[in-house]
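Written below as structure tokens is the structure these notes are about.
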Amino acid sequence: MANKATDCFKLKNKNGVEITFTAQAGRLISILVPSASGKIDDVVIGYDTVAEALAGDVYFGAICGRYANRVSKGQFTLDGQDYQLEVNNGPNHLHGGSDGFNTRTWNVEPIKKEGVASAYKLTLVSADGDQKYPGELSVSVVYSLSDDNQFKIEYEAETSKPTIINLTCHPYFNLDGAGNGNILEHKLQLNADNYTPISPKLETCDGKIEKVAGTPMDFTSPKKLGEAVRSTADQIRLVDGLDHNFVIDNGGEKVILAAKLSSEKSGRTIEVYTDQPGIQIYTGNHFDSTSKGKQGRLIEKYGGVAMETQIFPNSPNVEAFPNATLRPGEVYKHTCIYKFVW
Ligand code: GAL
């Protein structure tokens, strides 16, 4: 039976981690995690009720696609054919457009998976031409939670015609608990010596890959997010904080550690593991304390940080970036693990 948008599902483990998501967008509406002192907090920003979550920010906790992140001018060429996607973010296409996967109601079923405490499979068929992308795309996403506190997201997709694809998931974390201030004191460490700067002209990446050394993007050792966000460097001021894709060292093959986010205040850490080549770090630069979030508190600027594993922004238009093409007979695969430590 088809799911309703408001249907809710829970993943739980023996340590008190509890993750709730909706059929709509596979939206992670809460992730409860204990702290060292045993206090349970909800470490993703959002809303107090499902109704508010479905009416609120469309990307909070959502699965994004078909192409997460930006495609310059919404244009790409594949096998000699030009495609025009919706332009929904300045001059660019973002996260599949206004009718992206984050607006869809997924089919959700509980599954048995070895070695995990609980698991669900989410599926969706996106018709040929949906969001103006070619090919019928069949997508499955498995959410699972293990007793060693790993929340694993496993994406797979197949297409009936050559197409482009880049899926991601968009929770904004605040390790002190949603509504308890901003993330500027959180420390971030990235396994990334390089990043893909934003072209001020394109408002997305144009193919440049630059060293982080000597720039605010250097997170090769743990550093407070505030240090980067407050920098006067052009790349930071351009987007009023961090909204950048980092090139994971040795990324794009095996599942490896890409990022580590921690808060001294709560003693919680999240480790992010992935087989993707990139990770977008977005510090919630556009939140402006005008909408009410969890605990009835306003969603403030830098109130949470998204760590989106993916290929690079605008890859379909950059030869030297990872290939975004998926062809019939191939299987798109992507694993992202958020491991909670306290
Ligand atoms: C991020 C993107 C940000 C912003 C956000 C959604 O992935 O990099 O610029 O658009 O999604 O609000």
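The values are calculated or read from the model by the stated rules, or taken from the named source; none is laboratory data. All figures in this text were calculated on a predicted structure; none of them were measured in a lab. Cβ: placed from backbone, ideal geometry, glycine included. Neighbour counts: every protein chain shown.
Of the residues G241, G226, G214, G207, the single one that is of a type outside the set (K, R), assigned to a loop (DSSP other than H, G, I, E, B), more than 16 Å from the ligand (Cβ to nearest atom) and in contact (Cβ under 8 Å) with a residue 12 or more places away in the chain is G207. Selection of the range 62-104 for residues being more than 18 Å from T309 (Cβ to Cβ) and within 12 Å of the ligand (Cβ to nearest atom) yields N88, N89, G90, N92, H93. With a requirement of 1 or more residues that are buried (at least 24 other Cβ atoms within 10 Å of the Cβ) and modelled with pLDDT of 95 or more, the strands (runs of 3 or more DSSP E) lying completely within the range 4-71 that satisfy it span 18-22, 28-34. Would you pick out the residues in the range 261-299 that are surrounded by fewer than 17 Cβ atoms within 10 Å (Cβ to Cβ), of a type in the set (D, E) and more than 14 Å from the ligand (Cβ to nearest atom)? Scanning the range 261-299 gives a single hit, E264. Regarding the range 40-51, can at least one residue be identified that is away from the ligand (no atom under 14 Å from the Cβ), under 25 Å from H286 (Cα atoms), of a type outside the set (V, I, T) and in contact with an Asp or Glu (Cβ under 8 Å, 6 or more places away or on another chain)? Yes, the range 40-51 has at least one match.
Could you tell me whether P322 is touching a helix residue (DSSP H, G or I) at 6+ places or on another chain (Cβ under 6 Å), of a type outside the set (S, T, Y) and modelled with pLDDT of 95 or more? Against the criterion (touching a helix residue (DSSP H, G or I) at 6+ places or on another chain (Cβ under 6 Å), of a type outside the set (S, T, Y) and modelled with pLDDT of 95 or more), P322 qualifies.
For the range 99-112, the candidate set comprises residues that are surrounded by fewer than 18 Cβ atoms within 10 Å (Cβ to Cβ) and among the charged types (D, E, K, R); within that set, the residue that is farthest from the chain's Cα centre (by Cα) is K112.
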